[in-house]
1. Give the residue from 352, 198, 310 lying farthest towards the positive end of the charge dipole for the stretch 172-365; charges sit on Cβ (+1 for Lys and Arg, -1 for Asp and Glu) and the dipole is referred to the Cα centre.
2. How charged is the neighbourhood of residue 756? Take every other residue with its Cβ under 10 Å from the Cβ of residue 756, and add Lys/Arg as +1 and Asp/Glu as -1.
3. Please say if the stretch 172-365 is rounded, prolate or oblate, where rounded means a/c under 1.5 for a ≥ b ≥ c the square roots of the C-alpha gyration tensor eigenvalues, and otherwise the choice is prolate for a/b larger than b/c and oblate otherwise?
4. Of the cross-linked pairs 515/723; 700/737; 665/727; 515/700, which ones have a Cα-Cα span greater than 23 Å in the structure shown?
5. I'd like the Karplus ³J(HN,Hα) series for the stretch 571-576: coefficients 6.51, -1.76, 1.60, θ = phi - 60°, whole numbers in Hz, and an x wherever there's a Gly or Pro.
6. Report relative contact order for the stretch 588-668 in percent, whole number only (criteria: Cα-Cα under 8 Å, sequence separation at least 6).
7. If each of residue 79 and residue 166 carries a label point 7 Å out from its Cα toward its Cβ, how far apart are those two points in nm?
8. Please give the contour-minus-distance gain from residue 247 to residue 714: 0.36 nm per residue of separation, less the Cα-Cα distance, rounded to one decimal in nm.
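The values are calculated or read from the model by the stated rules, or taken from the named source; none is laboratory data. Only a predicted model underlies this, so the values are computations on that prediction, with no experimental measurement involved. A quick note on method: Cβ atoms are made from the backbone with ideal geometry, for glycine too, and the neighbour counts reach across all protein chains shown. Protein only, heavy atoms only, side chains kept; ligands, DNA and RNA dropped before computing areas. Shrake-Rupley method; radii C 1.70, N 1.55, O 1.52, S 1.80 Å.
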Amino acid sequence: MWPAAPGYKLPVSILPHMILHLPVTYQVFPSQDPLDRADFNAVEYINTLFPTEQSLANIDDVVNKIRLKIRCLDDNIRTVVRGQTNVGQDGRQALEEAQVAIGQLFGKIKDIKDKAEKSEQMVKEITRDIKQLDHAKRHLTTSITTLNHLHMLAGGVDSLEAMTRKRQYGEVANLLQGVVNVLEHFHKYMGIPQIRQLSERVKVAQSELGTQILADFEEAFPAQGSKRAGGPSNVLRDACLVANVLDPRIKQEIIKKFIRQHLSEYMVLFQENQDVAWLDKIDRRYAWIKRQLVDYEEKYGRMFPEEWCMTERIAVEFCHITRTELAKVMRTRAKEIEVKLLLFAIQRTTNFEGLLAKRFSGCTLTDGPGVKKPETPLESTNPFLEDEIGEDGSEMEEDLDRPKKHKAPDNPFHGIISKCFEPHLYVYIESQDKNLGEMIDRFVSDFRAQGPPKAGTEDGGAVLPSCADLFVYYKKCMVQCSQLSTGEPMIAFTTIFQKYLREYAWKILSGNLPKTSSNSGGLTIKSLLQEKEGSEAAKFTVEELCLICSILSTAEYCLATTQQLEEKLKEKVDKTLVERINLTGEMDTFSNVISNSIQLLVQDLDAACDPALTAMSKMPWQSVEHVGDQSPYVTSVIMHIKQNVPIIRDNLASTRKYFTQFCIKFTNSFIPKFINHLFRCKTISMVGAEQLLLDTHSLKTVLLDLPSIGSQVVRKAPASYTKIVVKGMTRAEMILKVVMAPHEPSVVFVDNYIKLLADGNPETFQKTLDMKGLKRSEQSSMLELFRQRLPTPPSGTDGGPSLSFSTPTPEQENSRIRKLEKLIKKRL
């Protein structure tokens with residue numbers, strides 16, 4: 001706020017007016033005038049009017065304007081107050097007039113209501129007689145209708161009894177249905193004796209008709225003897241129409257007796273002790289029923305109503321009898337069943353079932369005498385029926401990679417006869433067990449005869465052909481087995497194939513992996529002598545590397561195909577057996593083959609680099625006088641990497657993810673080993689440490705380019721792999737930087753070590769001191785200072801995230817191995 005002029009005072013008469021005339025109606029009439037604001041502040045307003053000391057020269061004009069505005073507001077208020085003097089009197093007068101009008105309105109409404117009640121009463125009196133007439137008309141109509149029905153019922157019952165005695169079934173069929181329909185109208189009048197008597201007569205007539213029709217059919221088609229005494233006639237055809245109206249049991253009895261008599265000859269011709277009853281003559285059974293169905297159509301096709309589906313019923317009953325008889329014969333002569341004979345019978349049976357599906361709809365499978373619904377599911381459960389069987393393995397992947405399809409059931413007769421073969425499918429399964437065993441043995445002998453894939457050929461690193469042959473054969477067997485059953489036989493066959501999947505993994509894949517000359521972690525006299533003489537460890541040949549890659553690719557193919565097969569099987573087998581389909585063990589076996597193959601490739605390259613690292617640890621780094629190009633051991637390591645990695649990458653081109661795993665595993669193995677050999681370098685001078693640092697950087701660069709080394713197409717290495725390389729090699733660089741640093745003053749050296757390495761392990765620190773060539777007395781004081789300078793881990797924790805206070809297990813093992821090596825060398 002600007003300071004007031006010395007000796008100046010604001011006129012006191014202005015403030016009361018400014019405060020009293022604050023706007024009261026601001027909320028009703030919004031205004032931008034500061035005087036109308038609810039939070040009006042007189043001091044702020046005055047400061048706004050007179051922001052500077054020079055503006056006080058216009059104070060008289062401002063005061064005059066405010067006084068003028070006050071007078072205008074007073075005039076407005078005065079006018080408004082005078083205008084409201086007569087408002088109260090006018091309001092009371094208007095209220096009284098409204099009350100009078102409301103009273104008049106209520107009176108008119110009451111008059112209208114009274115008139116409406118009188119009109120309603122008048123209408124009721126007028127229509128009272130009309131309602132009575134309506135009720136009388138309705139009752140009269142009902143009475144006439146009931147009397148007509150009664151007349152029809154009485155006459156119909158008399159005619160029905162007369163026609164029944166004369167066997168006039170054609171007229172009885174129509175009349176009986178009408179009598180039954182009319183009798184339904186009298187259910188509520190059964191308490192009347194005459195009505196009840198008529199109802200009883202109708203029941204007696206129906207019973208007599210049923211007995212009479214059954215007797216007529218028995219006479220026309222006697223149960224005994226192969227010759228039929230009668231045959232089709234118009235009387236029997238009309239009798240069937242009557243049976244449709246009678247109790248359904250009459251119709252079922254007629255159908256049952258006729259089918260039994262029609263198939264009696266079949267039961268005699270194909271008895272269990274007859275020669276034609278055996279599986280090799282199963283075609284004769286189906287030829288016989290075909291002739292019988294043709295004969296039935298010609299002689300009796302018009303006798304039975306079309307909706308009875310007698311032809312289909314005869315065929316269905318034949319199927320059930322055949323299934324029972326075949327089951328008895330096979331149970332008796334089980335030892336005579338051979339695979340070819342069984343497959344022949346199954347093929348002929350399934351063909352006949354397919355013929356039935358083309359000819360009939362299957363509408364009688366759920367009803368009718370002696371007809372049972374087939375136990376097998378109607379849905380097709382063959383996982384490979386969507387395509388024809390090919391001769392090579394290329395079709396296998398196509399079948400499995402396609403989206404799942406749910407085929408609608410198209411053969412309701414599937415399994416109606418062939419179900420009887422299911423208990424004897426063990427013969428087929430045992431045969432396939434033997435065939436698969438012979439196939440595995442043939443694969444083994446062929447592999448030994450042909451040898452591993454040749455380097456530089458298309459076969460190098462490719463999937464073994466035997467793998468595709470195995471899955472194609474399994475596909476063919478699955479097609480046959482799924483056509484026979486989707487139940488326990490499918491489970492048994494899947495179990496057998498699981499067995500040979502494991503054998504394939506063991507005998508063909510794992511069994512042919514090249515063997516290493518010695519365990520990677522073992523220690524022998526020969527290895528020590530080789531190390532002492534500086535000779536290189538035995539490496540895999542290029543052919544062996546190609547073989548390992550080929551086995552890895554084959555295992556990867558088997559793993560993916562087995563997983564797809566498991567999904568197909570779970571989709572197609574019976575729902576109750578889905579949980580028993582589990583190929584996880586076989587998939588784990590192939591995964592182990594993949595892991596072992598990658599481990600062999602890593603061990604081979606790792607062992608090839610060991611002599612170079614050993615040479616590094618034996619070099620006199622104290623006597624190095626100047627820093628030059630990379631050391632010979634680095635050149636040796638790079639040479640081995642450039643020899644192996646391109647071969648492995650080219651042979652694993654179809655499985656890039658496993659090549660990436662190989663790179664990661666090799667890096668995880670090589671970098672710790674390189675750091676351990678760094679610790680073996682004793683008494684390293686400043687120049688020697690600089691040379692080692694240069695060598696470490698060269699190895700780091702090579703490892704970062706490892707996935708694309710020697711390739712014309714340069715690909716960026718995966719981020720996970722790059723992170724591993726950078727982290728491991730940076731640790732090696734930090735160790736060398738600590739070695740390069742002067743150890744005096746000791747506090748600075750220890751703090752620098754903790755900062756660079758972030759390693760709280762005293763053994764690692766002591767190894768670093770050994771690399772610098774410090775004496776034991778100096779190391780003791782440095783170790784004590786190191787323990788004092790270590791940051792204290794927070795309470796309740798094992799230590800900081802960047803410091804390790806426990807001895808790493810690999811370093812422990814390397815220390816023990818070194819002691820054992822020294823002991824053996826002394827004895828040698």
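1. 352
2. 0
3. prolate
4. Values: 515/723 32 Å; 700/737 16 Å; 665/727 15 Å; 515/700 30 Å.
From the list (515/723; 700/737; 665/727; 515/700), the Cα-Cα distance tops 23 Å for 515/723; 515/700.
5. The phi angles translate into 6, 9, 6, 4, 4, 6 Hz.
6. Values: 32 pairs, mean separation 37.3, N = 81.
RCO, the stretch 588-668: 46 percent.
7. Once both label points are built, they end up 11.9 nm from each other.
8. Details: separation 467, 0.36 × 467 = 168.12 nm, distance 8.74 nm.
Gain on extension, residue 247 to residue 714, equals 159.4 nm.
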